[in-house]
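Undergrad: Structure below; questions to follow.
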Amino acid sequence: MREKGWDMEYNLYESASPEMLAEIVREAESLLDEQRTVAVAADQRAVTFAGLLVAAIGAMLGAVASLGGHAPVAIVAVATILSVAAGLALWSARPTGWKFRGNAPSQWTRDIIGERDMHASMAEMAMNYDVAWALNDKAIGSAARAMRSSMLLTALSVVAALAWSWWFVLRAAI
């Protein structure tokens with residue numbers, strides 16, 4: 001059940017009672033499943049958001065092209081900011097090295113050949129899940145930061161576009 005490159009000198013989980021260790025592994029598997037659910041939902045949100053931004057950018061670029069080079073700089077600026085926001089949203093949904101629960105049967109070979117008892121094998125499983133959780137959590141955090149940045153840039157560009165529009169309208173009314 002060893003993760004490649006994983007070599008442990010001390011495993012705290014071996015000191016747990018069999019009942020406690022079973023519960024630790026059960027809850028770790030549940031947590032890994034929940035992390036995957038959160039990640040899939042976040043990826044769907046990021047891709048949908050990026051799609052909306054790309055559509056808005058396309059509309060703005062169409063307006064710029066239709067004006068034959070006489071487009072206000074504000075439209076091009078907002079389209080540029082939204083392009084960065086779309087890139088961040090897409091980066092948020094990029095494929096990552098994800099850790100899942102469970103093991104391939106071949107990962108039990110050393111346990112079988114070495115005739116390790118089940119408690120020691122389960123303790124190693126708990127330690128493996130602890131590492132998997134931490135790696136998944138890091139990937140989720142990185143994607144969330146990119147998505148927050150994308151949403152912040154989008155909000156700022158909308159505020160800037162509205163301010164420019166009001167300035168333009170009020171200036172024309174004078």
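Undergrad: Residue farthest toward the positive end of the dipole of region 1-92, with Cβ of Lys/Arg at +1 and Asp/Glu at -1: which of A42, V84, A74?
TA: Among A42, V84, A74, the one farthest towards the positive end of the dipole of region 1-92 is A74.
Undergrad: Which peptide among 59-70, 142-153 comes first, and what is the full order, when sorted by highest mean count of other Cβ atoms within 10 Å?
TA: Per-residue Cβ counts within 10 Å, averaged per peptide and sorted highest first, yield 142-153, 59-70.
Undergrad: Now for a different question. Roll a 1.4 angstrom probe over the protein heavy atoms and tell me the percent of accessible area of the chain that is carbon or sulfur.
TA: The computed percentage sits at 67.
Undergrad: I'd like to compare 125-135, 20-30, 108-118: which one has the highest average count of other Cβ atoms within 10 Å, and what's the full order after that?
TA: The peptides rank, most packed first, as 125-135, 20-30, 108-118.
Undergrad: Counting only complete DSSP H runs, which helices of the chain cover 30 Å or more along their long axis at the Cα atoms and score a mean Kyte-Doolittle of -1.0 or above?
TA: Those that pass (Cα extent of 30 Å or more, hydropathy at least -1.0) are 18-66, 118-173.
Undergrad: ³J(HN,Hα) across region 94-108 via Karplus (A = 6.51, B = -1.76, C = 1.60, θ = phi - 60°), whole Hz, x for Gly/Pro?
TA: For region 94-108, the Karplus curve yields 5, x, 10, x, 9, 9, 10, 7, x, 9, 6, x, 5, 6, 8 Hz.
Undergrad: Could you pull the Rg and Dmax for region 19-84, using just the Cα atoms, both in Å?
TA: Taking only Cα atoms of region 19-84, I get Rg and Dmax of 22.2, 73 Å.
Undergrad: What whole-number distance in Å separates the alpha-carbon centres of region 54-97 and region 103-174?
TA: Taking the Cα centre of each part, region 54-97 and region 103-174 sit 25 Å apart.
Undergrad: Which of A39, A163, A120 moves most in a GNM of the chain, Cα contacts under 10 Å?
TA: Result for the chain, Cα springs under 10 Å: A163 fluctuates most.
Undergrad: Something else about it: In debye to the nearest 20, how big a dipole does region 14-170 give about its Cα centre with +1 on each Lys and Arg Cβ and -1 on each Asp and Glu Cβ?
TA: With only Lys, Arg, Asp and Glu charged at Cβ, the dipole is about 1000 debye.
Undergrad: Using a 1.4 Å probe, what is the accessible area per residue for region 1-122, in Å²?
TA: Accessible surface, normalised per residue, equals 65 Å².
The values are calculated or read from the model by the stated rules, or taken from the named source; none is laboratory data. Fair warning: this is a prediction, and the values are worked out from it, not measured in the lab. So basically every Cβ, Gly included, is an ideal-geometry build from the backbone, and we count neighbours across all protein chains shown. Note: accessible area is taken over every heavy atom of the protein model, side chains too, but ligands, DNA and RNA are not part of it. Shrake-Rupley method; radii C 1.70, N 1.55, O 1.52, S 1.80 Å.
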